[in-house]
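What follows draws every value from the coordinates through simple rules; no lab data is involved. No experiment lies behind these values; they were computed from the predicted model shown. In this analysis, Cβ positions are derived from the backbone assuming ideal geometry, glycine residues included, and neighbour counts consider all displayed protein chains.
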Amino acid sequence: MQQNWYVVYTKPQCERKVSLSLGKMRIQNFYPLNYKKSRSLFRSKIVHEPLFKSYVFVKTTHSEVIMLSEKIDDILSIIYWKNNAAIINDDEIFAIKEFINNHHEIRLEKLQVNSNHYENFMDSVSYTADKKFFRINNRAITLNLPSLGVTMVSGTEVENKMTKQIIFNNNELLLQ
């Protein structure tokens, strides 16, 4: 059977526990972490928190992901789209990994999930990589994930450099 990326919904704040349980079972999984600066009265520190709260991505077969949802107590359900288990594209998982490796303080925004909106978005993009996901708008970089219905937006990162290099699908982009 073919293995695909599925999304499982976990109990609140149990993403790491589910990921470790899946790792012990030797099942490929991924839950992206977001790095945020937390400021207190005297110092600031970096806090790691899940980017998609209560979601863990699992690469397995459909029958196995159903079996896992029954076997692991902290998994509440599988995410469904139109009465089928939602399958996430490999390119989108790769794009999420690249995006979180290059950017911090990411926020999520809802994206309308219909083909007309996505095509209109692609027609109005100011800058894209391979006509796929990246959009650069003023100093914020966004990554649209149509199968999840979200847009990942990196905070306005101000750097001393005049240009910034982004690698996406083995293509290098040089931004000014």
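Quote to one decimal, in nm, the extra length available between residue 20 and residue 45 on full extension: 0.36 nm per residue of separation minus the C-alpha distance between them. Don't skip to the answer; put the middle values down first.
On the way: separation 25, 0.36 × 25 = 9.00 nm, distance 2.51 nm.
Length difference between fully extended and current span is 6.5 nm.
Karplus couplings for the range 44-53 from phi (6.51 cos²θ - 1.76 cosθ + 1.60, θ = phi - 60°), rounded to Hz, Gly and Pro as x?
10, 9, 9, 10, 9, 9, x, 6, 9, 5
What ranking, highest mean first, results for peptides 50-58, 9-17 when packing means the other Cβ atoms within 10 Å averaged over each residue? Could you put the intermediate results ahead of the total?
Numbers: 50-58: 19.8, 9-17: 16.0.
So the peptides 50-58, 9-17, ranked by packing, come out 50-58, 9-17.
Which length gain, in nm to one decimal place, applies between residue 9 and residue 87 when the Cα-Cα distance is subtracted from 0.36 nm times their residue separation? Could the numbers behind the result be given before it?
On the way: separation 78, 0.36 × 78 = 28.08 nm, distance 1.36 nm.
Length gained, residue 9 through residue 87: 26.7 nm.
Which pairs in the list 37/82; 53/82; 11/37; 17/37 are over 28 Å apart, alpha-carbon to alpha-carbon? Display every interim value, and only then the final one.
Working: 37/82 38 Å; 53/82 22 Å; 11/37 25 Å; 17/37 24 Å.
Violating the 28 Å limit, Cα to Cα: 37/82.
Can you compute log10 of I(q)/I(0) for the range 1-121 with the Debye formula, treating each Cα as one identical point scatterer, at q = 0.13, 0.14, 0.17 Å⁻¹?
-0.60, -0.68, -0.95
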